[in-house]
Amino acid sequence: MIFYKIFHVLLDAGPTVMLPFMIFFIGLIFRLKPGKAFKSGLTIGIGFAGIKMVIALLSSNLGPAAQQMVKNFGIHLDVLDVGWGAIAAITWGSPIIPILIFSILAINIVLLILKKTETLDVDIWNYHHIAIVGVLTYFTTKSVLLDMLATLTTAVVTFKLSDWSAPLVEKYFELDGVSLPTLSAVSSLIIAVPLNWLMDRIPFINKIHIDMKSAKKYLGLFGEPMMMGLILGGGIGILAKYDITKILTLAVNMAAVMLLLPKMTALFMEGLMPISEAAKKMTKEKFKGRKFLIGIDAAVVVGNAEVMTTGLILIPLTIGLAFILPGNHLLPFADLAVVPFRIALVVALTGGNLFRSLVIGIAVMSAILLAGTNTSQALTALASSSGINLSMAAGALISTFAGTSLTVSFIIYEVFIGNLVITVPLFIIGFAAIWIYMGRKEKKIKSVPLEEGAKLN
């Protein structure tokens, strides 16, 4: 009971407080001296606080501008994007959440012991991305068993996607010894990997390569990240029909985001390095060189210039897409500012190719819009049953760019509310096939130099 109360206090404090505690204890497990472990945890906490502040700057400035663009485009849809925060609140407020959180922790430990994952997921705050699948499954089916199975299935898929994408994280973002088990980021790979594979095999398309290095070469100063932020921020301000003062303010703030996020990420990694080195040393001695990956929030990669540039371009495209996409009823709103999170690993997969990232990004956002539309009735009913009324008008429904709108979450939710005799075997066969294929791929990756082998496709 005491442990649970302490755990709940840390959860209430959020990741900025929870993460230093988790890193401190992990440091002790990997035999770091207490003082060094504490310093690492605190440095990581400060780095993450910095990342959060810069993202808050992004959201507070970009969010209203994006919402104004929605109004200017004249989009009238009956499902409102209320933001991931509202859905997280619904998830954390569920009476079954303690069971689900400890179940996710337990399955992570079991998989580590059985050598079925390399990811030690310390990003407990973001467990809500996994837990919402179980919460909504329980609300729909009233089955505790299906609720647990849906949650654990989502957890396993998340950990494996983190394992498989770790070479991308190491190569592209230069983050060694970490993975990104944030479902809102890794989920996009379900669509991105096959599309990237397909584009590799289409003549002419496979020759198109536009990246930030090319931009810097041809654009000079205007190819710099902060200048790209300035230009894109100003462009969004114009589309929002801001006055000149607000346009300039938004432009400078977006330039600040592009410049500051990488610096905060560097501080985060400074704190993580002693943990990573200690983990490598201990695993080499005790586990015959077995590799462990520290699972952290995908926020650490959002500051990448290519990610931010792609995300900022995708925001107005997503608004336009909502208007023309057949079957969509979801009005992009509160979550427009977090689009960079949804395509961060897409950018890594394409090697920073802006053309491919945008094409795949449009496909990813299309899937999110349609899944969000499809699950909006259940999500709205869940919110109402929790005493949270987020409807904007009579008959209006709610959704988000998170929760069961994410491709992985949506698939698993549909599996466990559908005809189990059909859906469960099909899912098991499909995921098992991917697991076997990726297992063979990992062996090839380990047998060649990183620059050649760190690809998923």
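A few remarks follow.
- Neighbour counts of other Cβ atoms within 10 Å put 347, 17, 257 in the fewest-to-most order 17, 257, 347.
- For the pair the stretch 319-342 and the stretch 68-137, the centres of their Cα atoms are 19 angstrom apart.
- Given their separation in residues at 0.36 nm each and the Cα-Cα distance between them, residue 141 and residue 39 gain 32.1 nm when the chain is fully extended.
- Which listed pairs, of 116/281; 160/281; 116/291; 71/241; 115/171, have C-alpha distances above 18 Å, in listed order: 116/281; 160/281; 115/171
- Spin-label model, residue 252/residue 420: points 7 Å from Cα along the beta carbon direction are separated by 6.0 nm.
- The chain: calculated mean residue ellipticity at 222 nm from DSSP helix runs of at least 4, using -39500 (n - 2.57): -23500 deg cm²/dmol
- Cβ crowding within 10 Å averaged over residues, with 186-195, 93-102, 128-137 ranked highest first: 128-137, 186-195, 93-102
- Förster radius 41 Å - calculated FRET efficiency between residue 209 and residue 385, Cβ distance, rounded to 0.05: 0.25
- Inter-label distance, nm, simple model (7 Å from Cα along the C-beta direction), residue 241/residue 56: 3.2 nm
- Of the DSSP H helices in the chain, those that are both long (alpha-carbon extent of 20 Å or more along the helix axis) and hydrophobic (Kyte-Doolittle mean at least 1.0) are 15-29, 97-113, 225-239, 305-324, 354-374.
- Shape of the chain, Cα gyration tensor, a/c cut at 1.5: rounded
Since every read-out is calculated from the coordinates, none of them should be taken as a lab result. From a predicted model like this one, the values you see are computed outputs, not experimental measurements. Every residue, glycine as well, gets a Cβ built from its backbone with ideal geometry; the counts of neighbours run over all protein chains shown.
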